[in-house]
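The numbers here are math on the coordinates, done by the rules we state, and not lab data. Since we're looking at a predicted model, the values are computed, not measured. In this analysis, Cβ positions are derived from the backbone assuming ideal geometry, glycine residues included, and neighbour counts consider all displayed protein chains.
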Amino acid sequence: MSDLNLMDTDTVRAAVRERYATAATTSGSCCGPSASSCCGEAAPADPTSGTVYYSSEELTGLAEEVATFSLGCGNPIAFAQPQPGETVLDLGSGGGLDCFIAARAVGSTGHVIGVDMTPAMLTRARDAAARMAVVNAEFRQGFIENLPVETDSVDLIISNCVINLSTDKDAVFREALRVLKPGGRLVVSDMVTTGNLPADVKRDLELWAGCIAGALPESEYLAKMAAAGFERVEALARSSDSDDGELGGLYSLKVRAFKPQ
Ligand SMILES: C[S@@+](CC[C@H](N)C(=O)[O-])C[C@H]1O[C@@H](n2cnc3c(N)ncnc32)[C@H](O)[C@@H]1O
């Protein structure tokens, strides 16, 4: 059963897929005519702030339609520090921005896998990979609750503003643990809350797709990671611009956890 108990998984997935299919085929916005970000803020260049996002160094050399297409709520790469030779998995890879930055970091001996359920997003990311001649990143269709990825095969999992969109976060963290190698790490940027969201918000499909209705209180989110079997679960940073409580004190959290050796 869904961890929010209010919404059917297929209904939420359909709304989320529709929203992100539209985003994938329009100019890089899904919140308004000029916004570049869907779930979070636009993207100034200060990855250490804990709020946002990508440095000019990270974006240099990427195709413009990749560099300007972030629907995330932070920069998990800045916290994850992918190393040469590592295998990296991105949960909900969207247009592929984080995958392409990771692909450069892991180099020719490393490999990056993006998983996304929305065909239009996969097409966008695969087309970009071909245009930029990136050969160490691939994009697979699948659900983050049931990953199309081998057990014990990944060094690092990243995810940017996606797990909040899942109605079964326990399954997401279980699957993440399964595919990580022993000692592997999970580094996530995601929306969480300080308090409980009202029931009418949790039932609103627009707010689900907008990364609000599925956000859990931070303590519950971290407890689910630990319950799945992760150790050293640590909140690394929080955005400072949480709303004033109207939406349960919504903010972006950066968190890291490890699979036991
Ligand atoms: C807010 S966007 C973030 C995309 C990307 N991580 C970024 O930072 O730009 C959410 C993405 O997650 C995908 N997604 C949402 N729920 C998913 C699920 N249950 N399984 C797989 N992909 C999912 C959507 O298709 C969409 O591409």
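Sort 109-122, 65-78, 10-23 for me by packing, meaning the mean count of neighbouring Cβ atoms within 10 Å per residue, highest on top. Working shown, then result.
Details: 109-122: 21.7, 65-78: 25.5, 10-23: 17.9.
Per-residue Cβ counts within 10 Å, averaged per peptide and sorted highest first, yield 65-78, 109-122, 10-23.
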Original post:
If r is the Cβ-Cβ distance from Asp170 to Ala235 and R0 is 22 Å, what FRET efficiency results, to the nearest 0.05?
Top reply: 0.70
Original post:
What spacing in nm lies between the two simple spin-label points modelled at Glu65 and Asp127, each 7 Å away from Cα in the Cβ direction?
Top reply: 0.4 nm
**OP:** Compare the peptides 221-227, 153-159, 129-135 by average per-residue count of other Cβ atoms within 10 angstrom and give them in order, highest first.
**Re:** 153-159, 221-227, 129-135
**OP:** Write out the GluC sites (Glu not before Pro) in the range 146-220 meeting two conditions: DSSP loop, and at most 16 other Cβ atoms within 10 Å of their Cβ.
**Re:** Glu150
Original post:
So for the pair Glu57, Thr26, with labels modelled 7 Å out along Cα→Cβ, what separation do we get in nm?
Top reply: 3.5 nm
**OP:** Check the straight Cα-Cα distances from Lys224 and name the lysines below 18 Å, setting aside those fewer than 8 residues away within the same chain.
**Re:** Lys169, Lys254, Lys259
Subject >> Extension gain (nm, one decimal) between Ala226 and Glu138, 0.36 nm per residue minus Cα-Cα >> reply: 28.8 nm
**OP:** Just check the range 9-258 against the gyration tensor rule for me: Cα atoms, a ≥ b ≥ c as the square roots of the eigenvalues, rounded for a/c under 1.5, and otherwise prolate or oblate depending on whether a/b exceeds b/c.
**Re:** rounded
**OP:** Based on alpha-carbon positions alone, could you give the equivalent ellipsoid semi-axes of the range 166-230 from the gyration tensor, as √(5λ), descending, whole Å?
**Re:** 25, 12, 10
